[in-house]
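Reviewing the structure listed below.
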Amino acid sequence: MEHSISPQLLKVRRMERKQIHDIPKEERPAYHVSAPTGWINDPNGFSIFQEQCHLFFQYHPFSKKWGPMHWGHCTSKDFIKWEYLPCALAPDKSYDEGGCYSGSAIEANGEHVLIYTGVIDRYLDDGFHYYRQVQCIAKGDGIDYRKNEQNPVITGESAPAGSSLEDFRDPKVWKEEDGYYLAAGSRSEDGSGQILLYRSQNLDQWEYVTVLDQSRNQYGKMWECPDFFPLGDKQILMVSPQDMRAFGLEFHNGNNSIFLYGQYDKQSHQFQREKVASVDYGLDFYAPQTLLTKDGRRILIGWMQSWDANITPVSFQWSGMMTIPRELTLEHGRIYQRPVKELENYRTDMVRYDHLQITGATALDNIQGRVLELLLEITGLEFEHFQIRFARNHEYETFLQYNRKKECLTIDRTHSGIDRDVVCRRKMELAPMEDENGKKVLKLRILLDKYSVEVFANDGEKVMSSLFYTPLEADGIVFDCDQTAWVNIIKYSFEI
Ligand code: FRU
(Lines give C-alpha, C1' and ligand atoms only; values in the text may rest on other atoms or scores of the structure.)
Protein backbone atom coordinates (compact mmCIF):
# COMPACT_ATOMS: atom_id res chain seq x y z
CA MET A 1 0.00 0.00 0.00
CA GLU A 2 3.10 2.18 -0.41
CA HIS A 3 1.30 4.58 -2.82
CA SER A 4 -0.91 5.91 -0.04
CA ILE A 5 1.90 6.92 2.30
CA SER A 6 2.15 10.68 2.31
CA PRO A 7 5.46 12.57 2.72
CA GLN A 8 4.26 13.66 6.19
CA LEU A 9 3.72 10.07 7.28
CA LEU A 10 6.99 8.90 5.76
CA LYS A 11 8.87 11.57 7.67
CA VAL A 12 7.38 10.41 10.99
CA ARG A 13 8.02 6.77 10.21
CA ARG A 14 11.68 7.43 9.45
CA MET A 15 12.12 9.50 12.58
CA GLU A 16 10.36 6.93 14.76
CA ARG A 17 12.55 4.07 13.61
CA LYS A 18 15.56 5.83 15.00
CA GLN A 19 14.07 7.40 18.12
CA ILE A 20 12.27 4.39 19.51
CA HIS A 21 15.65 2.69 19.83
CA ASP A 22 17.28 5.77 21.32
CA ILE A 23 15.07 5.53 24.39
CA PRO A 24 16.61 2.98 26.76
CA LYS A 25 14.29 0.15 27.75
CA GLU A 26 15.19 0.80 31.38
CA GLU A 27 13.55 4.23 31.15
CA ARG A 28 10.21 2.84 30.05
CA PRO A 29 7.47 1.11 32.02
CA ALA A 30 7.99 -2.66 31.87
CA TYR A 31 4.44 -3.79 31.07
CA HIS A 32 2.47 -0.66 30.21
CA VAL A 33 2.30 0.91 26.75
CA SER A 34 4.28 4.16 26.68
CA ALA A 35 4.87 6.79 23.99
CA PRO A 36 7.20 5.43 21.27
CA THR A 37 8.73 8.90 21.17
CA GLY A 38 7.27 12.33 21.85
CA TRP A 39 3.78 12.70 23.31
CA ILE A 40 0.77 10.40 23.49
CA ASN A 41 -2.73 10.80 24.88
CA ASP A 42 -6.00 8.87 24.36
CA PRO A 43 -6.05 5.21 23.38
CA ASN A 44 -7.60 4.91 19.89
CA GLY A 45 -8.75 2.07 17.67
CA PHE A 46 -8.45 -0.52 20.46
CA SER A 47 -9.55 -3.61 18.52
CA ILE A 48 -8.86 -7.17 17.49
CA PHE A 49 -7.74 -7.55 13.88
CA GLN A 50 -6.43 -10.80 12.45
CA GLU A 51 -6.14 -12.41 15.87
CA GLN A 52 -3.99 -9.62 17.31
CA CYS A 53 -4.87 -6.75 19.58
CA HIS A 54 -4.22 -3.38 17.95
CA LEU A 55 -3.86 -0.24 19.97
CA PHE A 56 -3.48 3.17 18.38
CA PHE A 57 -3.08 6.39 20.29
CA GLN A 58 -3.14 10.15 19.94
CA TYR A 59 0.43 10.95 19.10
CA HIS A 60 2.66 13.96 18.57
CA PRO A 61 5.98 12.41 17.60
CA PHE A 62 7.85 15.69 17.20
CA SER A 63 7.84 16.84 20.81
CA LYS A 64 6.82 15.85 24.30
CA LYS A 65 3.90 18.26 24.14
CA TRP A 66 0.49 17.86 22.53
CA GLY A 67 0.63 19.06 18.90
CA PRO A 68 -0.91 18.17 15.51
CA MET A 69 -2.29 14.74 16.19
CA HIS A 70 -1.16 11.55 14.47
CA TRP A 71 -2.21 7.99 15.24
CA GLY A 72 0.67 5.97 16.70
CA HIS A 73 0.29 2.21 16.65
CA CYS A 74 1.25 -0.94 18.52
CA THR A 75 0.07 -4.54 18.69
CA SER A 76 0.02 -7.33 21.19
CA LYS A 77 -0.92 -10.98 21.32
CA ASP A 78 -1.71 -10.91 25.02
CA PHE A 79 -2.29 -7.28 26.15
CA ILE A 80 1.00 -7.29 28.07
CA LYS A 81 3.87 -7.49 25.58
CA TRP A 82 3.53 -4.77 22.97
CA GLU A 83 5.33 -4.16 19.73
CA TYR A 84 5.49 -0.72 18.15
CA LEU A 85 4.30 -0.49 14.55
CA PRO A 86 4.91 2.44 12.21
CA CYS A 87 2.75 5.51 12.74
CA ALA A 88 -0.63 4.82 11.10
CA LEU A 89 -2.15 8.23 10.36
CA ALA A 90 -0.70 11.70 9.85
CA PRO A 91 -2.70 14.92 9.39
CA ASP A 92 -2.07 15.17 5.66
CA LYS A 93 -5.48 15.89 4.09
CA SER A 94 -7.55 19.05 3.85
CA TYR A 95 -10.20 17.49 6.12
CA ASP A 96 -7.70 16.53 8.86
CA GLU A 97 -5.00 19.18 8.46
CA GLY A 98 -5.57 20.24 12.10
CA GLY A 99 -5.11 16.72 13.40
CA CYS A 100 -6.33 13.13 13.31
CA TYR A 101 -8.21 13.09 16.60
CA SER A 102 -9.50 10.14 18.57
CA GLY A 103 -11.56 7.32 17.17
CA SER A 104 -11.95 3.57 16.99
CA ALA A 105 -11.48 0.57 14.72
CA ILE A 106 -13.27 -2.53 13.55
CA GLU A 107 -12.51 -5.54 11.34
CA ALA A 108 -14.78 -5.59 8.28
CA ASN A 109 -14.53 -7.56 5.02
CA GLY A 110 -10.99 -8.61 5.85
CA GLU A 111 -9.85 -5.03 6.34
CA HIS A 112 -9.02 -3.03 9.41
CA VAL A 113 -11.26 0.03 9.33
CA LEU A 114 -10.32 3.09 11.38
CA ILE A 115 -12.84 5.82 12.07
CA TYR A 116 -11.40 9.00 13.44
CA THR A 117 -12.08 12.70 13.79
CA GLY A 118 -10.53 14.98 11.21
CA VAL A 119 -9.96 18.55 12.29
CA ILE A 120 -10.31 21.30 9.71
CA ASP A 121 -8.49 24.32 11.03
CA ARG A 122 -7.68 27.17 8.67
CA TYR A 123 -7.94 30.90 8.09
CA LEU A 124 -10.02 31.78 5.05
CA ASP A 125 -9.09 34.57 2.63
CA ASP A 126 -11.25 37.04 4.51
CA GLY A 127 -9.41 36.20 7.74
CA PHE A 128 -12.24 34.08 9.14
CA HIS A 129 -11.09 31.19 11.31
CA TYR A 130 -12.79 28.12 9.91
CA TYR A 131 -12.79 25.26 12.41
CA ARG A 132 -14.75 22.03 12.11
CA GLN A 133 -14.55 18.49 13.44
CA VAL A 134 -15.68 15.77 11.04
CA GLN A 135 -15.62 11.96 11.03
CA CYS A 136 -13.35 10.14 8.58
CA ILE A 137 -12.53 6.59 7.53
CA ALA A 138 -9.21 4.90 6.75
CA LYS A 139 -8.91 1.24 5.74
CA GLY A 140 -5.87 -0.94 5.91
CA ASP A 141 -4.06 -4.21 6.42
CA GLY A 142 -2.93 -3.68 10.01
CA ILE A 143 0.12 -1.59 9.08
CA ASP A 144 -0.72 0.80 6.25
CA TYR A 145 -4.02 2.65 6.00
CA ARG A 146 -5.52 4.60 3.11
CA LYS A 147 -8.01 7.35 3.79
CA ASN A 148 -11.38 7.15 2.05
CA GLU A 149 -11.87 9.19 -1.10
CA GLN A 150 -15.29 10.25 0.22
CA ASN A 151 -13.96 11.64 3.51
CA PRO A 152 -15.36 13.15 5.61
CA VAL A 153 -18.11 10.57 6.03
CA ILE A 154 -20.01 12.50 8.72
CA THR A 155 -20.14 16.24 9.36
CA GLY A 156 -21.75 18.16 12.20
CA GLU A 157 -24.55 19.35 9.88
CA SER A 158 -26.17 15.93 10.37
CA ALA A 159 -26.60 16.53 14.12
CA PRO A 160 -29.74 17.96 15.77
CA ALA A 161 -30.26 21.72 15.41
CA GLY A 162 -28.11 23.75 17.76
CA SER A 163 -25.39 21.08 18.08
CA SER A 164 -21.82 22.31 17.84
CA LEU A 165 -20.03 21.99 14.52
CA GLU A 166 -16.69 22.57 16.27
CA ASP A 167 -17.00 20.03 19.07
CA PHE A 168 -17.99 16.80 17.36
CA ARG A 169 -15.52 14.01 17.83
CA ASP A 170 -14.19 10.64 18.97
CA PRO A 171 -16.42 8.14 17.09
CA LYS A 172 -16.67 4.67 18.63
CA VAL A 173 -17.86 2.04 16.16
CA TRP A 174 -19.41 -1.40 16.76
CA LYS A 175 -21.48 -3.94 14.88
CA GLU A 176 -25.04 -5.04 15.61
CA GLU A 177 -27.15 -7.60 13.77
CA ASP A 178 -28.74 -4.89 11.63
CA GLY A 179 -25.59 -2.98 10.72
CA TYR A 180 -22.80 -0.79 12.08
CA TYR A 181 -23.33 1.88 14.70
CA LEU A 182 -21.18 4.61 16.10
CA ALA A 183 -21.41 6.95 19.06
CA ALA A 184 -19.71 10.36 18.88
CA GLY A 185 -19.20 13.16 21.38
CA SER A 186 -20.88 16.49 20.69
CA ARG A 187 -22.20 19.60 22.41
CA SER A 188 -25.90 20.34 22.46
CA GLU A 189 -27.64 23.70 22.29
CA ASP A 190 -27.14 24.24 26.06
CA GLY A 191 -23.37 24.08 25.53
CA SER A 192 -22.87 20.84 27.43
CA GLY A 193 -22.11 17.32 26.25
CA GLN A 194 -24.29 14.89 24.36
CA ILE A 195 -23.63 11.58 22.64
CA LEU A 196 -24.96 11.11 19.13
CA LEU A 197 -25.78 7.73 17.60
CA TYR A 198 -25.24 7.03 13.88
CA ARG A 199 -25.93 3.96 11.75
CA SER A 200 -24.44 2.53 8.55
CA GLN A 201 -24.67 -0.58 6.40
CA ASN A 202 -21.21 -0.26 4.84
CA LEU A 203 -19.10 2.02 7.11
CA ASP A 204 -18.92 4.62 4.31
CA GLN A 205 -22.41 6.18 4.40
CA TRP A 206 -23.81 7.12 7.75
CA GLU A 207 -27.19 8.34 8.93
CA TYR A 208 -27.96 10.13 12.16
CA VAL A 209 -30.20 8.14 14.52
CA THR A 210 -30.64 9.83 17.88
CA VAL A 211 -29.14 11.45 20.97
CA LEU A 212 -28.18 8.67 23.37
CA ASP A 213 -27.74 10.88 26.42
CA GLN A 214 -26.96 14.45 27.44
CA SER A 215 -25.11 16.17 30.25
CA ARG A 216 -27.62 19.02 30.62
CA ASN A 217 -24.80 20.84 32.37
CA GLN A 218 -24.83 18.31 35.19
CA TYR A 219 -21.82 16.18 34.28
CA GLY A 220 -19.39 18.66 32.81
CA LYS A 221 -19.25 20.42 29.45
CA MET A 222 -18.05 18.63 26.34
CA TRP A 223 -18.41 14.84 26.50
CA GLU A 224 -15.37 13.25 24.89
CA CYS A 225 -14.46 9.71 23.91
CA PRO A 226 -17.74 7.80 24.25
CA ASP A 227 -18.06 4.04 24.33
CA PHE A 228 -21.34 2.12 24.43
CA PHE A 229 -21.56 -1.55 25.30
CA PRO A 230 -23.65 -4.17 27.10
CA LEU A 231 -22.30 -5.60 30.36
CA GLY A 232 -24.26 -8.20 32.31
CA ASP A 233 -27.87 -7.03 32.31
CA LYS A 234 -26.92 -3.36 31.85
CA GLN A 235 -25.96 -1.14 28.97
CA ILE A 236 -23.03 1.12 29.72
CA LEU A 237 -22.40 4.49 28.17
CA MET A 238 -18.87 5.52 29.10
CA VAL A 239 -17.84 9.13 28.49
CA SER A 240 -15.04 11.49 29.47
CA PRO A 241 -16.53 14.89 30.35
CA GLN A 242 -14.43 18.05 30.41
CA ASP A 243 -14.79 20.76 33.05
CA MET A 244 -16.65 18.84 35.73
CA ARG A 245 -17.12 20.05 39.28
CA ALA A 246 -16.11 17.82 42.18
CA PHE A 247 -18.97 15.95 43.81
CA GLY A 248 -18.33 14.22 47.14
CA LEU A 249 -15.52 11.76 46.65
CA GLU A 250 -17.07 10.45 43.45
CA PHE A 251 -15.96 13.06 40.91
CA HIS A 252 -13.04 15.46 40.96
CA ASN A 253 -12.70 18.90 39.37
CA GLY A 254 -11.78 18.95 35.69
CA ASN A 255 -11.75 16.05 33.25
CA ASN A 256 -13.38 12.88 34.58
CA SER A 257 -14.27 9.54 33.02
CA ILE A 258 -17.65 8.19 34.00
CA PHE A 259 -19.83 5.13 33.55
CA LEU A 260 -23.50 5.86 32.86
CA TYR A 261 -25.36 2.66 33.73
CA GLY A 262 -28.69 2.07 32.04
CA GLN A 263 -30.97 0.08 29.80
CA TYR A 264 -31.00 0.22 26.03
CA ASP A 265 -33.84 -0.60 23.70
CA LYS A 266 -32.23 -1.67 20.43
CA GLN A 267 -35.45 -1.14 18.47
CA SER A 268 -36.18 2.42 19.52
CA HIS A 269 -32.50 3.25 20.25
CA GLN A 270 -33.50 4.77 23.56
CA PHE A 271 -30.97 4.68 26.38
CA GLN A 272 -32.46 5.04 29.88
CA ARG A 273 -29.83 6.16 32.35
CA GLU A 274 -30.05 4.69 35.85
CA LYS A 275 -26.92 5.82 37.67
CA VAL A 276 -23.52 7.42 37.19
CA ALA A 277 -20.14 6.57 38.74
CA SER A 278 -16.46 7.30 38.20
CA VAL A 279 -14.42 4.85 36.16
CA ASP A 280 -11.24 5.43 38.16
CA TYR A 281 -10.53 7.27 41.42
CA GLY A 282 -6.86 8.07 40.91
CA LEU A 283 -5.08 11.22 39.79
CA ASP A 284 -4.15 10.14 36.27
CA PHE A 285 -6.82 8.54 34.17
CA TYR A 286 -8.73 9.66 31.10
CA ALA A 287 -10.36 8.79 27.78
CA PRO A 288 -10.77 5.02 28.26
CA GLN A 289 -11.93 2.77 25.45
CA THR A 290 -12.99 -0.89 25.37
CA LEU A 291 -12.92 -3.88 23.07
CA LEU A 292 -14.59 -7.27 23.11
CA THR A 293 -12.27 -10.28 22.81
CA LYS A 294 -13.18 -13.40 20.85
CA ASP A 295 -13.71 -15.21 24.17
CA GLY A 296 -16.26 -12.60 25.22
CA ARG A 297 -14.27 -10.42 27.61
CA ARG A 298 -14.89 -6.67 27.70
CA ILE A 299 -11.43 -5.11 28.10
CA LEU A 300 -10.82 -1.45 28.96
CA ILE A 301 -7.69 0.62 28.51
CA GLY A 302 -7.25 4.28 29.50
CA TRP A 303 -4.69 7.02 29.15
CA MET A 304 -2.81 7.07 32.46
CA GLN A 305 -2.17 10.79 32.59
CA SER A 306 -4.15 13.89 33.33
CA TRP A 307 -4.56 16.95 31.10
CA ASP A 308 -4.23 19.39 33.96
CA ALA A 309 -1.40 17.76 35.87
CA ASN A 310 1.00 16.53 33.27
CA ILE A 311 4.00 15.75 35.45
CA THR A 312 6.38 13.99 33.06
CA PRO A 313 9.91 15.12 33.99
CA VAL A 314 11.69 17.33 31.45
CA SER A 315 14.58 14.89 31.26
CA PHE A 316 12.35 12.15 29.78
CA GLN A 317 12.35 11.51 26.06
CA TRP A 318 8.71 10.47 26.00
CA SER A 319 5.46 11.52 27.62
CA GLY A 320 2.36 9.46 28.22
CA MET A 321 1.40 5.89 29.01
CA MET A 322 -1.66 3.69 29.15
CA THR A 323 -3.21 1.75 32.03
CA ILE A 324 -2.99 -1.99 32.25
CA PRO A 325 -5.81 -3.43 30.12
CA ARG A 326 -8.62 -4.36 32.52
CA GLU A 327 -11.42 -6.86 32.25
CA LEU A 328 -14.84 -5.44 33.13
CA THR A 329 -17.59 -7.44 34.79
CA LEU A 330 -20.87 -6.46 36.35
CA GLU A 331 -21.09 -7.66 39.96
CA HIS A 332 -23.35 -6.51 42.80
CA GLY A 333 -24.78 -3.87 40.50
CA ARG A 334 -21.48 -2.18 39.72
CA ILE A 335 -18.63 -2.50 37.27
CA TYR A 336 -15.62 -4.38 38.57
CA GLN A 337 -12.22 -3.98 36.91
CA ARG A 338 -9.41 -6.51 37.08
CA PRO A 339 -6.09 -6.57 35.26
CA VAL A 340 -6.31 -8.91 32.26
CA LYS A 341 -5.57 -12.47 33.38
CA GLU A 342 -2.65 -12.66 30.91
CA LEU A 343 -0.60 -10.55 33.33
CA GLU A 344 -0.45 -13.54 35.67
CA ASN A 345 1.65 -15.44 33.08
CA TYR A 346 4.51 -13.03 33.78
CA ARG A 347 4.56 -13.39 37.56
CA THR A 348 7.82 -14.59 39.12
CA ASP A 349 9.46 -14.83 42.53
CA MET A 350 6.49 -15.09 44.83
CA VAL A 351 7.03 -13.83 48.36
CA ARG A 352 4.35 -14.59 50.90
CA TYR A 353 3.50 -13.57 54.45
CA ASP A 354 0.46 -15.12 56.10
CA HIS A 355 -1.43 -13.67 59.02
CA LEU A 356 1.23 -11.13 59.77
CA GLN A 357 0.75 -8.67 62.59
CA ILE A 358 1.54 -5.08 61.62
CA THR A 359 1.96 -2.62 64.45
CA GLY A 360 3.85 0.55 63.61
CA ALA A 361 6.15 0.94 60.60
CA THR A 362 7.22 -2.43 59.18
CA ALA A 363 9.52 -3.23 56.27
CA LEU A 364 9.52 -6.85 55.12
CA ASP A 365 12.30 -8.95 53.66
CA ASN A 366 12.06 -9.29 49.88
CA ILE A 367 9.24 -6.80 49.54
CA GLN A 368 10.60 -3.87 47.65
CA GLY A 369 10.96 -2.68 44.06
CA ARG A 370 9.24 -0.63 41.39
CA VAL A 371 7.99 -3.34 39.02
CA LEU A 372 5.78 -5.67 40.99
CA GLU A 373 2.39 -6.75 42.19
CA LEU A 374 1.26 -6.73 45.80
CA LEU A 375 -1.82 -8.56 47.01
CA LEU A 376 -2.98 -7.54 50.46
CA GLU A 377 -5.79 -8.83 52.61
CA ILE A 378 -6.17 -6.74 55.70
CA THR A 379 -8.20 -8.06 58.61
CA GLY A 380 -8.25 -7.30 62.32
CA LEU A 381 -9.82 -3.98 61.44
CA GLU A 382 -9.31 -2.31 64.79
CA PHE A 383 -6.97 0.46 63.76
CA GLU A 384 -7.69 3.93 62.53
CA HIS A 385 -5.04 4.25 59.82
CA PHE A 386 -3.20 1.68 57.75
CA GLN A 387 -0.58 2.84 55.27
CA ILE A 388 1.41 1.34 52.47
CA ARG A 389 4.31 3.60 51.59
CA PHE A 390 6.13 2.73 48.42
CA ALA A 391 8.62 4.09 45.87
CA ARG A 392 10.43 5.20 48.94
CA ASN A 393 13.87 6.35 50.05
CA HIS A 394 15.18 9.10 52.32
CA GLU A 395 13.76 11.75 49.96
CA TYR A 396 10.69 10.36 48.24
CA GLU A 397 7.61 8.32 48.88
CA THR A 398 4.09 7.80 47.57
CA PHE A 399 1.52 6.27 49.85
CA LEU A 400 -1.89 4.75 50.21
CA GLN A 401 -3.68 5.36 53.47
CA TYR A 402 -6.80 3.59 54.61
CA ASN A 403 -8.91 5.39 57.18
CA ARG A 404 -11.01 2.70 58.73
CA LYS A 405 -13.46 4.98 60.56
CA LYS A 406 -14.18 7.05 57.48
CA GLU A 407 -13.97 4.01 55.20
CA CYS A 408 -11.83 5.95 52.81
CA LEU A 409 -8.66 5.19 50.83
CA THR A 410 -6.29 8.05 49.95
CA ILE A 411 -3.51 8.11 47.39
CA ASP A 412 -0.88 10.71 48.23
CA ARG A 413 2.08 11.66 46.05
CA THR A 414 2.95 14.91 47.83
CA HIS A 415 6.54 13.72 48.26
CA SER A 416 6.99 12.36 44.76
CA GLY A 417 9.35 14.98 43.48
CA ILE A 418 6.71 17.28 41.97
CA ASP A 419 7.71 20.95 42.09
CA ARG A 420 4.61 22.41 40.49
CA ASP A 421 1.24 23.31 41.96
CA VAL A 422 -0.53 20.15 40.88
CA VAL A 423 -3.02 18.06 42.81
CA CYS A 424 -1.22 15.37 44.80
CA ARG A 425 -3.99 13.63 46.69
CA ARG A 426 -7.27 11.93 45.97
CA LYS A 427 -9.61 9.95 48.18
CA MET A 428 -12.23 7.33 47.48
CA GLU A 429 -14.89 5.73 49.62
CA LEU A 430 -14.10 2.10 50.31
CA ALA A 431 -15.82 -0.19 52.79
CA PRO A 432 -14.29 -3.55 53.72
CA MET A 433 -15.88 -6.48 51.91
CA GLU A 434 -16.95 -9.83 53.30
CA ASP A 435 -14.84 -12.89 52.57
CA GLU A 436 -16.33 -16.33 51.90
CA ASN A 437 -16.77 -16.86 55.66
CA GLY A 438 -18.58 -13.59 56.17
CA LYS A 439 -15.51 -12.00 57.76
CA LYS A 440 -14.68 -8.35 57.03
CA VAL A 441 -11.59 -7.89 54.93
CA LEU A 442 -10.07 -5.09 52.92
CA LYS A 443 -8.41 -6.32 49.77
CA LEU A 444 -5.89 -4.30 47.80
CA ARG A 445 -4.19 -5.47 44.64
CA ILE A 446 -1.44 -3.04 43.75
CA LEU A 447 0.42 -2.90 40.44
CA LEU A 448 3.62 -0.90 40.33
CA ASP A 449 5.40 -0.28 37.05
CA LYS A 450 8.28 2.13 37.67
CA TYR A 451 6.33 5.40 37.52
CA SER A 452 2.76 4.28 38.04
CA VAL A 453 0.54 2.66 40.59
CA GLU A 454 -2.85 1.06 39.96
CA VAL A 455 -4.81 -0.05 42.99
CA PHE A 456 -7.62 -2.57 42.49
CA ALA A 457 -9.62 -2.56 45.71
CA ASN A 458 -11.89 -5.39 46.91
CA ASP A 459 -11.44 -7.64 43.86
CA GLY A 460 -11.84 -4.72 41.45
CA GLU A 461 -14.83 -2.91 42.95
CA LYS A 462 -12.93 0.38 42.64
CA VAL A 463 -9.65 1.38 40.99
CA MET A 464 -7.18 4.20 41.49
CA SER A 465 -4.45 5.00 38.95
CA SER A 466 -1.70 7.53 39.54
CA LEU A 467 1.75 8.53 38.35
CA PHE A 468 4.84 9.51 40.31
CA TYR A 469 8.10 10.12 38.50
CA THR A 470 10.72 9.56 41.16
CA PRO A 471 14.16 8.03 40.63
CA LEU A 472 13.92 4.24 40.41
CA GLU A 473 16.37 3.86 43.32
CA ALA A 474 13.47 4.95 45.56
CA ASP A 475 12.15 1.42 45.79
CA GLY A 476 11.42 0.82 49.47
CA ILE A 477 8.05 -0.41 50.73
CA VAL A 478 6.85 0.06 54.30
CA PHE A 479 3.57 -1.00 55.89
CA ASP A 480 2.38 1.09 58.79
CA CYS A 481 -0.49 0.83 61.23
CA ASP A 482 -1.38 3.09 64.16
CA GLN A 483 -2.73 0.11 66.11
CA THR A 484 -2.76 -3.47 64.93
CA ALA A 485 -3.74 -4.98 61.62
CA TRP A 486 -3.48 -8.59 60.51
CA VAL A 487 -2.46 -8.98 56.92
CA ASN A 488 -1.85 -11.61 54.30
CA ILE A 489 0.64 -10.36 51.74
CA ILE A 490 1.72 -11.83 48.45
CA LYS A 491 4.26 -10.13 46.26
CA TYR A 492 5.20 -11.04 42.70
CA SER A 493 7.87 -9.66 40.45
CA PHE A 494 7.28 -9.63 36.71
CA GLU A 495 9.48 -10.92 33.97
CA ILE A 496 8.27 -9.39 30.74
C1 FRU B 1 -9.48 13.68 24.79
C2 FRU B 1 -9.32 14.49 23.52
C3 FRU B 1 -10.30 14.01 22.48
C4 FRU B 1 -9.63 14.43 21.21
C5 FRU B 1 -8.19 14.20 21.53
C6 FRU B 1 -7.23 15.17 20.87
O7 FRU B 1 -8.34 13.61 25.57
O8 FRU B 1 -9.48 15.85 23.80
O9 FRU B 1 -11.61 14.51 22.62
O10 FRU B 1 -10.07 13.68 20.12
O11 FRU B 1 -8.05 14.30 22.93
O12 FRU B 1 -5.92 14.79 21.06
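One residue alone among Asp144, Asp121, Asp178 is open to solvent by 50 Å² or more (accessible area, probe 1.4 Å) and away from the ligand (no atom under 16 Å from the Cβ), and that residue is Asp178. Here is a list of conditions, (1) away from the ligand (no atom under 16 Å from the Cβ); (2) part of a loop (DSSP other than H, G, I, E, B); (3) under 29 Å from Met464 (Cβ atoms); (4) free of Cβ contacts under 8 Å to residues at least 40 places away in the same chain, and Gln235 meets all of them except one; can you say which number that is? That leaves (2) as the condition not met.
Scanning region 379-397 for residues that are touching a Cys at 6+ places or on another chain (Cβ under 9 Å) and assigned to a strand (DSSP E or B) turns up His385, Phe386, Gln387. Just name the residue that is farthest from the chain's Cα centre (by Cα) out of those in region 1-25 that are under 22 Å from Pro471 (Cβ atoms) and touching a residue at least 40 places away in the same chain (Cβ under 8 Å). Restricting to residues being under 22 Å from Pro471 (Cβ atoms) and touching a residue at least 40 places away in the same chain (Cβ under 8 Å), the top hit is Asp22.
Applying the criterion of being over 18 Å from Lys11 (Cβ atoms) and of a type in the set (Phe, Trp, Tyr) to the residues of region 30-64, the residue that is nearest to the ligand (Cβ to nearest atom) is Phe57. Among the strands (runs of 3 or more DSSP E) confined to region 101-206, the ones with at least 2 residues that are touching a strand residue (DSSP E or B) at 6+ places or on another chain (Cβ under 7 Å), farther than 22 Å from Ile40 by Cα and free of Cβ contacts under 8 Å to residues at least 12 places away in the same chain are located at 129-140. For the residues Ile335, Ile299, the requirement of being more than 14 Å from the ligand (Cβ to nearest atom) and crowded, with 22+ Cβ neighbours inside 10 Å singles out Ile335.
So which residues in region 406-417 are open to solvent by 40 Å² or more (accessible area, probe 1.4 Å) and either modelled with pLDDT under 95 or of a type in the set (Ser, Thr, Tyr) (or both), if there are any at all?
Thr414, Gly417
Would a scan of region 269-292 turn up a residue that is outside any strand (DSSP E or B), open to solvent by 50 Å² or more (accessible area, probe 1.4 Å) and modelled with pLDDT of 95 or more? No - not one qualifying residue is present in region 269-292.
For (1) of a type in the set (A, V, I, L, M, F, W, C); (2) assigned to a loop (DSSP other than H, G, I, E, B), each residue gets a yes or a no:
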| position | (1), (2) |
| --- | --- |
| Asp419 | no, yes |
| Leu448 | yes, no |
| Glu454 | no, no |
| Asn488 | no, no |
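Just to be sure I understand the filter: pairs with C-beta atoms under 7 Å, separated by 6 or more residues or on different chains, first member in region 241-261 and without any contact (Cβ under 8 Å) to a residue 12 or more places away in the chain, second member within 16 Å of the ligand (Cβ to nearest atom) and open to solvent by less than 40 Å² (accessible area, probe 1.4 Å). Which pairs pass? Within 7 Å, the pairs are Asn253/Met244.
Of all residues in region 432-488, those being of a type in the set (A, V, I, L, M) and either more than 28 Å from the chain's Cα centre (by Cα) or at pLDDT below 95 (or both) number 4.
The values are calculated or read from the model by the stated rules, or taken from the named source; none is laboratory data. This structure is a prediction, so every number in the text was calculated from the model and none was measured. We place every Cβ from the backbone using ideal geometry, glycine too, and count neighbours over all the protein chains shown. Remember, those area values only see protein heavy atoms, side chains included, never the ligands or the DNA or RNA. Shrake-Rupley method; radii C 1.70, N 1.55, O 1.52, S 1.80 Å.
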